[in-house]
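Chemist: Right, I'll just put the structure down here and ask away after.
The values are calculated or read from the model by the stated rules, or taken from the named source; none is laboratory data. All figures in this text were calculated on a predicted structure; none of them were measured in a lab. With ideal geometry, Cβ positions are generated from the backbone for all residues, glycine too; neighbour counts draw on all protein chains shown.
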Amino acid sequence: MANVTVIGAQWGDEGKGKIVDWLASRADAVVRFQGGHNAGHTLVVGEQVYKLSLLPSGIVTGTLSIIGNGVVLDPWALKAEIEKLTAQGVEINAENFAIADNCPLILPLHRDLDGLREQAAGSGKIDTTGRGIGPAYEDKVGRRAIRVCDLAHLDALDSQLDRLCAHHDALRAGFGQPPVDRAALVEELREIAPYVLQFAQPVWKRLNTVRKAGARILFEGAQGVLLDVDHGTYPFVTSSNTVSGTAASGSGLGPSQTGFVLGIVKAYTTRVGSGPFPTELEDEVGQRLGERGHEFGTVTGRKRRCGWFDAVLVRQSCAISGVTGIALTKLDVLDGFEKVKICTGYRLRGKVLDYFPAHAADQAEVEPIYEEMDGWNGTTAGARSWADLPAQAIKYIQRVQELIETPVALVSTSPEREDTILVRDPFVD
Ligand code: GDP
Ligand code: IMO
Ligand code: MG
């Protein structure tokens with residue numbers, strides 16, 4: 001039976017959480033495979049609003065939810081998020097929630113370093129979420145991470161701590177900070193260990209069992225392809241691979257299992273943090289998009305930068321991530337615009353480009369080439385069927401899919417779970 005991999009096809013905040021929550025009722029398991037609590041997803045179900053950062057969005061429907069090895073896990077953030085959701089009536093227990101025992105931990109020293117680096121970076125500031133994501137991934141690749149399974153062996157941590165502290169103490173000294181307090185760190189870990197360990201297991205094994213039983217697995221990506229550490233707007237990216245290929249390595253199932261790749265695409269463009277953004281609008285149109293779309297970050301509350309839909313970027317993301325079909329979200333935010341624009345190419349020093357170049361200077365310099373379309377009378381907000389959409393809105397959707405060379409599988413017309421139009425069920429072969 002088919003599995004589905006959900007990824008963001010822009011700079012994050014495309015509405016992945018809403019779509020994963022909607023799809024979760026058709027899935028038997030939902031797996032996060034990269035990123036950490038830098039993600040922020042808002043789910044709206046009737047009167048209830050759920051904000052998730054680290055937990056898979058499937059947890060709200062009670063679907064088996066798994067944090068894969070590709071995630072970096074802050075144990076204290078995990079506990080706080082579980083407590084918050086439990087208070088909202090979401091049931092989370094060792095039956096419906098599991099964490100990969102080989103998942104690397106985000107420690108307080110990672111958060112410290114993230115902050116210290118950003119403060120010192122001057123004009124090179126990335127504007128990270130400040131949650132220690134980058135430093136934690138560096139330690140994983142540097143083979144000095146403390147992982148979930150280590151929490152069961154805290155008395156045998158000396159050689160790992162030697163390696164970890166040799167690295168961090170040197171960096172901290174450079175920032176005028178005291179060395180890592182090893183005893184305090186171990187004590188903090190000892191305190192949180194039982195909480196994390198109740199959910200820890202070899203999830204690759206559990207997923208394999210689930211797969212063999214013919215269950216449907218939904219892989220949940222965080223961030224977006226343009227924040228991918230290889231393919232994104234480097235260096236203004238996050239520190240993980242956000243592309244669909246990561247679903248396999250970040251969960252412990254092979255690439256043959258990732259199934260239908262559903263790219264989540266906002267009907268316009270937003271970005272939070274620094275970095276190039278060709279279609280950014282710093283005028284009243286950008287302002288209006290931000291207000292209508294409530295474009296404030298879930299994690300940091302930062303205002304998101306807004307601009308017209310960039311078909312060049314999304315075409316590139318869809319190609320790089322092998323997107324089978326897209327979910328077009330927030331179409332309702334474009335309701336009431338007399339004219340809407342789509343970027344169809346770039347001009348760079350007299351040349352026309354049909355792709356986004358790799359160098360940051362070129363990325364900053366490209367000028368968008370726009371195509372203008374009439375907006376629509378009437379509203380798409382809350383539409384649940386194709387027939388509810390104004391003809392001109394359908395034309396916009398059709399133009400988008402033509403330009404990005406990828407079909408539309410779903411359309412989302414409000415934050416509410418059920419305000420979703422199904423064009424092609426991604427779980428059906
Ligand atoms: P994610 O990080 O990709 O999960 O997206 P976020 O949750 O950070 O940001 C998307 C925001 O848009 C959230 O506040 C959602 O509730 C909201 N949203 C999702 N889909 C729609 C939609 O179709 N229309 C409108 N108006 N809002 C939406
Ligand atoms: P979701 O899953 C939007 C951005 C940060 C910063 C850069 C690096 O909600 O779509 P990091 O803390 O990861 O080292 O920051 O990446 N960023 C996001 N932007 N949505 C996200 O997640 C993001 N996660 C990280 O703003 O520019
Ligand atoms: Mg978000």
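Chemist: Can you work out which of the residues in region 25-38 that are surrounded by fewer than 24 Cβ atoms within 10 Å (Cβ to Cβ) and charged (D, E, K, R) is nearest to ligand 2 (Cβ to nearest atom)?
Modeler: That would be Arg26.
Chemist: Between a residue in region 175-191 that is over 17 Å from Pro75 (Cα atoms) and any residue that is modelled with pLDDT of 95 or more and among the aliphatic types (A, V, I, L, M), which pairs come within a Cβ distance under 6 Å, given they are 6 or more apart or on different chains?
Modeler: Phe175/Leu116; Val180/Leu109; Arg182/Leu161
Chemist: Then there is this: Tell me which of these Glu416 doesn't satisfy, since it passes every other one: (1) in contact (Cβ under 8 Å) with a residue 40 or more places away in the chain; (2) more than 23 Å from the chain's Cα centre (by Cα); (3) surrounded by 14 or more Cβ atoms within 10 Å (Cβ to Cβ).
Modeler: Unmet condition: (2).
Chemist: Could you please find all residues in region 36-49 being near ligand 1 (Cβ under 10 Å from one of its atoms) and either part of a strand (DSSP E or B) or of a type in the set (D, E, K, R) (or both)?
Modeler: Residues satisfying the conditions are His41, Thr42, Leu43, Val44, Val49.
Chemist: Could you run through region 1-43 and say how many residues are within 16 Å of ligand 3 (Cβ to nearest atom) and of a type in the set (Ser, Thr, Tyr)?
Modeler: 1
Chemist: When Trp22 is evaluated against the numbered criteria (1) away from ligand 2 (no atom under 16 Å from the Cβ); (2) farther than 21 Å from Val323 by Cα; (3) crowded, with 17+ Cβ neighbours inside 10 Å, which criterion, by number, is the only one it fails?
Modeler: Condition not satisfied by Trp22: (2).
Chemist: Further, regarding this structure: Considering only region 1-10, state which residues are outside any strand (DSSP E or B) and within 13 Å of ligand 1 (Cβ to nearest atom).
Modeler: Going residue by residue through region 1-10, those that are outside any strand (DSSP E or B) are 1-3, 9-10.
Selection gives Ala9, Gln10.
Chemist: Just checking, does region 317-336 include any residue being crowded, with 16+ Cβ neighbours inside 10 Å, of a type in the set (Ser, Thr, Tyr) and out of contact with any helix residue (DSSP H, G or I) (no Cβ under 8 Å at 6 or more places or on another chain)?
Modeler: So far as region 317-336 goes, yes, one or more of its residues are crowded, with 16+ Cβ neighbours inside 10 Å, of a type in the set (Ser, Thr, Tyr) and out of contact with any helix residue (DSSP H, G or I) (no Cβ under 8 Å at 6 or more places or on another chain).
Chemist: Can you report the number of residues in region 249-271 which are surrounded by fewer than 23 Cβ atoms within 10 Å (Cβ to Cβ) and in contact (Cβ under 8 Å) with a residue 60 or more places away in the chain?
Modeler: Qualifying residue count, region 249-271: 6.
Chemist: Looking only at region 218-274, how many residues end up being within 14 Å of ligand 2 (Cβ to nearest atom), over 16 Å from the mean Cα position of the chain (by Cα) and modelled with pLDDT of 95 or more?
Modeler: So the count comes out to 2.
Chemist: For a quick check of your reading of the model, give me the residue pairs whose first member lies in region 42-71 and is crowded, with 17+ Cβ neighbours inside 10 Å, whose second is part of a strand (DSSP E or B) and among the aromatic types (Phe, Trp, Tyr), with beta-carbon atoms closer than 7 Å and at least 6 apart or on different chains.
Modeler: Leu43/Tyr50; Ile59/Phe97; Val60/Tyr50; Ser65/Phe97
Chemist: For region 52-84, which residues satisfy the criterion of being closer than 26 Å to Ser414 by Cβ, touching a helix residue (DSSP H, G or I) at 6+ places or on another chain (Cβ under 8 Å) and not hydrophobic (A, V, I, L, M, F, W, C)?
Modeler: Ser53, Pro56, Ser57, Gly58, Thr61, Thr63, Ser65
Chemist: Looking only at region 128-160, which residues are surrounded by fewer than 17 Cβ atoms within 10 Å (Cβ to Cβ) and among the charged types (D, E, K, R)?
Modeler: Of the residues in region 128-160, the ones surrounded by fewer than 17 Cβ atoms within 10 Å (Cβ to Cβ) are 130, 138, 141-143, 149, 152-156, 158-160.
Result: Glu138, Arg143, Asp155, Asp158.
Chemist: Could you list, in sequence order, all residues of region 11-21 that are under 10 Å from the mean Cα position of the chain (by Cα) and either more than 6 Å from ligand 1 (Cβ to nearest atom) or of a type in the set (A, V, I, L, M) (or both)?
Modeler: Trp11
Chemist: Also, quick follow-up: Out of everything in region 85-116 that is without any contact (Cβ under 8 Å) to a residue 12 or more places away in the chain and in a helix (DSSP H, G or I), what residue ends up being surrounded by the fewest Cβ atoms within 10 Å (Cβ to Cβ)?
Modeler: My answer is Ala87.
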